[in-house]
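**Student:** First the structure, which I've put down as structure tokens, then a few questions once you've had a look.
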């Protein structure tokens, strides 16, 4: 079986993973702070429905919404360089 991935496929997968991870981190921190979705949404100046999408990593939520939620949790956003497998490592994984 041949698997063909191009860079845009990997970027799409990375984007979905990043959105889901960030949403989970916001949800976890919100719960640690003892806040409901409604309370955090009010603090961040957004609708609760938008916060739900943000925590689920779904929908097209503007980065500003992520920033508002993070700031409202008295947290910071940091970027790290991702460690990605090489195309060869991916091919080996899918061959097995």
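**Student:** What Kirkwood Rh does the stretch 11-53 have if only Cα atoms enter the pairwise 1/r average? Answer in Å. Numbers along the way, then the final one.
**Tutor:** Values: mean 1/r = 0.0908 Å⁻¹.
One over the average 1/r among Cα pairs gives 11.0 Å for the stretch 11-53.
**Student:** Same structure again: For the stretch 7-95, state what percent of all Cα-Cα pairs lands in each successive 5 Å bin, counting from 0 Å until the bin that includes the largest distance.
**Tutor:** 2, 13, 23, 21, 13, 9, 8, 6, 4, 1
**Student:** Same structure, new question: Note the full-extension length gain between residue 60 and residue 89 as 0.36 nm times their separation in residues minus their Cα-Cα distance, in nm to one decimal. List each step's numbers first, then the result.
**Tutor:** Numbers: separation 29, 0.36 × 29 = 10.44 nm, distance 3.14 nm.
Stretched out fully, the residue 60 to residue 89 stretch lengthens by 7.3 nm.
**Student:** Given 0.36 nm per residue, what is the gain on full extension from residue 20 to residue 75 after removing their alpha carbon distance, in nm?
**Tutor:** 18.0 nm
Any read-out appearing in this document is the output of simple, stated calculations on the displayed coordinates, not a laboratory observation. Given the structure is predicted, the values throughout are model-derived calculations rather than measurements.
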